[in-house]
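What follows is one structure encoded as structure tokens, with my remarks underneath.
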Amino acid sequence: MQFRRRIAAIAAASMLAVGVAPALATSAAATTPEWMGTPWGPLLSPAHPGWFVERDDVQPTLASDGLQFTGAAAAAGGINKNVDVPLSDLADVAMSYAITSNIGGSTPSFQIVLDKDPEIEGASGHYYRISWDVGVNGEPATGTYSDLEDGTWTKAGQDPQSLADWSDEFPNAVVKAYSVHQSSNTAGSTSVLTDVTFGDETSTFGGAAIDASLVCTDTAAVHATNLDEQGWSGKGQYAKKGLRFRVPGGWAEKSSSLDLPAGTTLADVARDLDIEAEDTQYVGIKLTTSMGTITYEEAPGYGYSLWSKDAFPELVSSTSFYPAFAPVSEWVYRYGDLEVTKASVLVTSDVQKQNFITGLSFGCTDYTFGKATEVTPTTPTFTDVCNADDTTSNITGRPFPVVKGVTYSEKQTKQGVVVVAVPAGPEFALSDKPSATKNPDRWQWARGDSGASCDDLVVLVAPTADIDDAGVPTVSWGFDLPTGWDFPAEWLADPENDPEHPVDVTFSDDHGNAVTYPSQDLVGSMVWPGWTELEDGTWAPTDTDLAWTTEGTITVTFSVNPGSTATVTYPEGAAAFAVADPAAPAAGDDSTTDTATDTESDTGSATVTSAELVSAETTGSTGSSLAATGASVALYGGIALLLAAAGGAVLFVLRRRQA
């Protein structure tokens, strides 16, 4: 809640520690002058040293945009600052002031308080006040009024004249104070003063004059709901729009209260006071003290002030309605150490009314109100990611459960992962957790990483033999992890091939025939041995030297990791080789040395280099070399394994279809 009004009156808040206030009070008493035999009123604000409010008048109030003068019928108000300057020197003293707002037409005047002759004691009319008035000098109702020393000055009952003429009339006069003063016969007339200059000194009022060290720099946020009232209790009902009060009218009152910690002072509480409501009229923050109740309101005319119906003797009674009424800073200055035991929000009205309080601000804490719905988080499902290289912790609780009103997050730790669930917004609250927790507003689950290696976990998915749309027989294979495991994200970047950890595919039979296709994809497929792509783009079983792969029992070995053994047959419906001689060694015959054989052993085994392999998805290869596809099997398209460390074998047993 951004309730930062930054009003100069707040500057005397809790920063006025014990020992500081007495010093200010002593200084004020020592410098308080008399005008016409009566001392000035209280200090305007600790943020405005030297400025005093005139006693028995309507006191101006400090607001965020300046010092507000509020007129009343046959009443006046003003502020004064002490100086000691011969009147004869005043023509050389620059004077100005600025008024930014005026309602009712009563613009404050700039006044000088004279001691006509300091050497004469007790003479009648010892003090004199002359004024620079907007109307007399032909100036508008608002603006910056400069060079007052060159203007026309007046006194009631006398003709206007220049400062030089006044100096001639009172050659021994001394200026004891200068002031800004508003008199009005119209109730409700207001004007706002922003700055005053006298010689080399300029005083600024409003937000610009606040001492930043006396304003809340850190603000806490507290949200109270029907499920967690945060210490508030009373007649307010929690609703989505805020704390709802229904008053019957006749100035009946309803309130909700918050007990404050022992030792809380007025200086602690009266900082950044603010009310957010559907209608702020007749809404107040009431502070309970041993001397009585102090109230803050934001209704028009109150300014940034506090009032009380109880007596606070150190304050000047400034209205006929309240025994005590003064700016917040004045209260803090005079009664900053007074203990406040309770803060309440009070709503009243002369008519039946419903009002919603959405927020309050006091004591550097923003309180908001609303209605919350209780939600219960679902326990996440954890998946462990197999470890590669030096990875030690990669378990995850993602994807998170989808629960309305609950937001999940996770944090990886050295030991594993922590998943946290919190309310998705202030309109939600978590139900009580089954087990004890330090923070009821969050649930969390922790799981440790098993540390298992991907090489130890990977298993061969049963290979399959099939015929593609072109009538070409193929062999497909893949690798996977057990349920509850996943591959590292970096391994999924290239799911079709890991050049550092290839798979060697070897076909062999019981007669000593063998042919090897190295560096195949971890997840892939290849055209059946002996099939060749023709010039017209079709495929045919042309390599009769490999016809043995369709006869008898064929073993296919995938050299990557220990795994499983599967048995399939040459796909039913696939074309037969023109010549099929299962007894003839495929790799030992001179007629095959320029096609699928690079090396030959006594048992008839052969190896085909990766350069001789032809993808089943490409064209342009000729001869009788075997082909291996680079396409991924859809079921395993997301897998990429770095598995060469283990050297075991997976047996893939092929059986020829019997006629």
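The values are calculated or read from the model by the stated rules, or taken from the named source; none is laboratory data. In this text, all values refer to a predicted model and were calculated from it rather than measured experimentally. Heads up, the Cβs are rebuilt from the backbone with ideal geometry, glycines too, and the neighbour counts pull from every protein chain shown. To get the accessible areas, we keep the full protein, side chains included, count just its heavy atoms, and leave off ligands, DNA and RNA. Shrake-Rupley method; radii C 1.70, N 1.55, O 1.52, S 1.80 Å.
Observations
- Restricting attention to region 248-274, the residues that are among the β-branched types (V, I, T) and either crowded, with 20+ Cβ neighbours inside 10 Å or farther than 21 Å from C364 by Cα (or both) add up to 2.
- Of the listed requirements (1) of a type in the set (S, T, Y); (2) part of a loop (DSSP other than H, G, I, E, B); (3) more than 28 Å from the chain's Cα centre (by Cα), T280 misses just one: (3).
- Restricting V328, V316 to residues that are of a type in the set (V, I, T) and either at pLDDT 90 or above or crowded, with 23+ Cβ neighbours inside 10 Å (or both) narrows the list to V328.
- Selected residue (only one of S361, S344 is within 21 Å of G234 (Cβ to Cβ), at pLDDT below 95 and either of a type in the set (S, T, N, Q) or open to solvent by 20 Å² or more (accessible area, probe 1.4 Å) (or both)): S361
The rows are residues; the columns are (1) among the β-branched types (V, I, T); (2) modelled with pLDDT under 90; (3) open to solvent by 70 Å² or more (accessible area, probe 1.4 Å).
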| position | (1), (2), (3) |
| --- | --- |
| Q158 | no, yes, no |
| K176 | no, yes, yes |
| N185 | no, yes, yes |
| T197 | yes, no, no |
| G206 | no, yes, no |
| I210 | yes, yes, no |
| R246 | no, no, yes |
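- Test result for L306, under 34 Å from the mean Cα position of the chain (by Cα) and hydrophobic (A, V, I, L, M, F, W, C): yes
- The set of residues in region 128-157 that are among the charged types (D, E, K, R) and either under 24 Å from G66 (Cβ atoms) or assigned to a loop (DSSP other than H, G, I, E, B) (or both) comprises R129, D133, E139, D147, E149, K155.
- Y145 vs. criteria farther than 20 Å from N82 by Cβ, out of contact with any His (no Cβ under 7 Å at 6 or more places or on another chain) and among the aromatic types (F, W, Y): yes
- Across region 452-467, the number of residues qualifying as more than 19 Å from P482 (Cβ to Cβ) and either open to solvent by 40 Å² or more (accessible area, probe 1.4 Å) or modelled with pLDDT under 65 (or both) comes to 3.
- Only listed residue being farther than 15 Å from W477 by Cβ, charged (D, E, K, R), open to solvent by 20 Å² or more (accessible area, probe 1.4 Å) and not in a loop (DSSP other than H, G, I, E, B), chosen from D536, D545: D545
- Answer residue from region 162-172, given it is closer than 13 Å to L90 by Cβ and of a type outside the set (D, E, K, R) and is surrounded by the fewest Cβ atoms within 10 Å (Cβ to Cβ) among those: P171
- Subset of region 158-170 (residues that are in contact (Cβ under 8 Å) with a residue 40 or more places away in the chain and outside any loop (DSSP other than H, G, I, E, B)): L163, A164, W166, S167
- Residues of region 106-130 that are among the hydrophobic types (A, V, I, L, M, F, W, C) and modelled with pLDDT under 85: I120, A123.
- Residue count, region 275-301 (criterion: open to solvent by 50 Å² or more (accessible area, probe 1.4 Å) and closer than 13 Å to I357 by Cα): 5
- Complete set of residues in region 222-235 that are open to solvent by less than 50 Å² (accessible area, probe 1.4 Å) and either over 18 Å from T373 (Cα atoms) or free of Cβ contacts under 8 Å to residues at least 12 places away in the same chain (or both): W232
- Within region 63-94, the residues that satisfy the criterion of being at pLDDT below 70 and aliphatic (A, V, I, L, M) are A63, A72, A73, A74, A75, A76.
- Pair list, Cβ under 6 Å, 6 or more apart: region 63-79 residue closer than 15 Å to S106 by Cβ and buried (at least 21 other Cβ atoms within 10 Å of the Cβ), other residue of a type in the set (D, E, K, R) and at pLDDT 65 or above: G78/E54
- Among the residues of region 380-397, the ones that are in contact with a strand residue (DSSP E or B) (Cβ under 7 Å, 6 or more places away or on another chain), at pLDDT below 90 and part of a loop (DSSP other than H, G, I, E, B) come to 6 in all.
- Identity of the residue in region 44-61, at pLDDT 70 or above and touching a helix residue (DSSP H, G or I) at 6+ places or on another chain (Cβ under 9 Å), that ends up most open to solvent (accessible area, probe 1.4 Å): P49
- For region 398-417, the candidate set comprises residues that are more than 30 Å from A372 (Cβ to Cβ) and in a loop (DSSP other than H, G, I, E, B); within that set, the residue that is most open to solvent (accessible area, probe 1.4 Å) is K414.
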